[in-house]
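As structure tokens, the structure follows; a few thoughts come after it.
The values are calculated or read from the model by the stated rules, or taken from the named source; none is laboratory data. Keep in mind the model is a prediction, meaning the values are calculated, not measured. In this analysis, Cβ positions are derived from the backbone assuming ideal geometry, glycine residues included, and neighbour counts consider all displayed protein chains. Each accessible area value is taken on the protein alone, full model and side chains, heavy atoms only, with ligands, DNA and RNA left out. Shrake-Rupley method; radii C 1.70, N 1.55, O 1.52, S 1.80 Å.
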Amino acid sequence: MSHREETVVEKRWWKRKGVWVAAAVAATLAVPAGFVNAQDSASPVPAESSVARNGQLEVCGTQLCNESREPVQLRGMSTHGLQWYEQCVNDASMDALAGDWNADVIRASMYIAKEEDGYETDPERFTALMNKIIDEATERGLYVIVDWHMLDPGDPNRYTDIAKDFFAKMAEKHADKTNVIYELANEPNGVSWSDIKGYHEQVLPVIREKDPDSLVLLGTRAWSSLGVSEGADESEIVDDPVDGENIMYTFHFYAASHGDEYLDTLDRASDKLPMFVTEFGTQEATGDGGNDFDMSQRYLDLMAQKKISWTNWNFSDDQRSGAVFEQGTCPDGPFDASNLKPAGEWIHGQLAGGQ
């Protein structure tokens, strides 16, 4: 492949006593033709990709902003559990996601519990797999959410020690990248906001010690419903937020199960809190059953209006209706419109059509 030599100025920003200061370092790199360098990263990314356009993300007010401090909305897909559907995350599917699907972001869902065959069963293997997915996403100019997919049991504090170890390794290895986003707890449930907050405030400093710049996403109560599924609402976070910078709170919904009460909560909360919808489906909360595309569209319209970023569940060929591909698609594909279930056709149209 042909290449050009290019002098790249790397600029790193730090906030000190409310003032942004920068340091710049110049370096000459051989850049493959058709690629540009992402600011703060030695890894080249495709010139027209989301990472090339937006660079290092940061939270400004309640908005997600790009490196120019302009509000931005990321849209993309979440994998299924990597312990079950690793075969759906390969070169062909990642190429399709960045190209045909027109996605900005992929969420890599790594289940944790040994009862779910997750990270606890083989930390070394799952760490290597996550590193591989991060590198593959970076090559394609995709943002990547490192999803600590704790679900059952629902108390994230069960995993505090291993979470701190995992995120410390991730942050140290990938601190120079502009496209890595950390999600600290997928769906806390059956536990109070104060306990969830305490977990976040133990894990967040571990990342910040290695990587002061990355975006970090914080799970909320009751399966990341801002507490609605357990009779609460966003006010408990508004009144007692996590102590940290460049953080956003997560919200999950499944349109056939979660109607106006959930939609209204997201609408209200996004006026006061920086929100990121890291998981949603057009079907029931089980990830299965019939699709409610009308309710789904209402959610997408709200998120477009308020520039709330989202990833859809899920980019696999699981038998449930929430998996976008027909069974048997993975690992060989094709990962395009020819192999999609109804929910897949709908979300592919939303992404590929640039809606």
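In a solvent-free Debye calculation with one equal scatterer on each Cα, what is log10 I(q)/I(0) for the stretch 164-241 at q = 0.12, 0.13, 0.18, 0.21 Å⁻¹, listed in the order of the q values?
Here the Debye-derived log intensity ratios amount to -0.36, -0.42, -0.72, -0.88.
Would you kindly give the portion of the calculated P(r) for the stretch 310-355 that falls above 12 Å, as a percent of all Cα pairs? Walk me through the numbers on the way to the answer.
Numbers: 565 of 1035 pairs.
The share of Cα pairs beyond 12 Å in the stretch 310-355 comes to 55 percent.
Note down the magnitude of the dipole of the stretch 52-129 about its Cα centre, charges +1 on Lys and Arg C-beta and -1 on Asp and Glu C-beta and zero elsewhere, to the nearest 20 debye.
The dipole of the stretch 52-129 has a size of about 340 debye.
How large a share of the accessible area of the chain, in percent, is made up of carbon and sulfur atoms when the probe is 1.4 Å and the other protein chains stay in place?
46 percent
Around Gly76, what is the net charge, scoring Lys/Arg as +1 and Asp/Glu as -1 over all other residues with Cβ under 15 Å from its Cβ?
Details: positive: Arg53, Arg75, Arg107, Arg140, Lys307; negative: Asp95, Asp100, Asp104, Glu136, Asp147, Glu183, Glu279.
Net local charge, Gly76 excluded: -2.
Taking 0.36 nm per residue of sequence separation and subtracting the Cα-Cα distance, how much length would be gained by fully extending the chain between Asp288 and Arg158, in nm to one decimal?
Roughly 44.0 nm would be gained on extension.
Measure off 7 Å from each Cα along the Cα-to-Cβ vector at Asp271 and Asp95, then give the distance between these two points in nanometres to one decimal.
Going from the Asp271 label point to the Asp95 one covers 4.8 nm.
For Ser78, tell me the accessible area in Å² from a 1.4 Å probe, rounded to the nearest 10.
For Ser78, solvent-accessible area is about 0 Å².
At what distance in nm do the modelled label points of Glu230 and Ser194 sit from each other, each positioned 7 Å from its Cα along Cα→Cβ?
1.3 nm
Can you work out the FRET efficiency for the pair Asp122 and Ala47, with r the C-beta to C-beta distance and R0 = 25 Å, to the nearest 0.05?
0.10
Kindly provide the helix-only [θ] at 222 nm of the chain, computed as the sum of -39,500 (n - 2.57) over DSSP H runs of four or more divided by all residues, to the nearest 500 deg cm²/dmol?
The helix contribution divided over the chain gives -9000 deg cm²/dmol.
How do the peptides 310-320, 133-143 rank, highest first, by the average count of neighbouring beta carbon atoms within 10 Å per residue?
Highest-to-lowest ranking by the protection proxy: 310-320, 133-143.
Leaving out ligands and nucleic acids, note down the accessible area per residue over the chain with a 1.4 angstrom probe, in whole Å².
On a per-residue basis, 40 Å².
Between Lys132 and Glu345, what length in nm is gained on full extension when 0.36 nm per residue of separation is reduced by their alpha carbon distance?
Extra length available between Lys132 and Glu345 comes to 73.9 nm.
Between Ser309 and residues 5 or more places away or on another chain, which pairs have amide H atoms under 5 Å apart, with H built 1.01 Å from N, and which residues are they?
Result for Ser309 returns Leu74, Val277.
Rounded to two decimals, what ratio of Rg to Rh does the stretch 277-355 give with C-alpha atoms and a Kirkwood Rh?
0.96
Placing unit charges on C-beta atoms (Lys and Arg positive, Asp and Glu negative, everything else neutral), compute the dipole magnitude of the stretch 285-331 about its Cα centre in debye, rounded to 20.
Computed about the Cα centre, the dipole is about 320 debye.
Once the piece of chain linking Gln319 and Asp240 is laid out straight, how much longer is it, given 0.36 nm per residue of separation minus the C-alpha distance between them?
24.4 nm
Determine, from the Cβ-Cβ distance of Lys169 and Glu201 and an R0 of 22 Å, the FRET efficiency 1/(1 + (r/R0)^6), rounded to the nearest 0.05.
Given R0 = 22 Å and the Cβ-Cβ separation, E is 0.65.
To the nearest 20 debye, what is the magnitude of the charge dipole of the chain about its Cα centre, counting +1 on the Cβ of each Lys and Arg and -1 on the Cβ of each Asp and Glu?
Rounded to the nearest 20 debye, it is 1240 debye.
Any chance you could tell me what percent of the C-alpha pair distances in the stretch 233-342 go past 17 Å?
Result for the distance tail: 58 percent.
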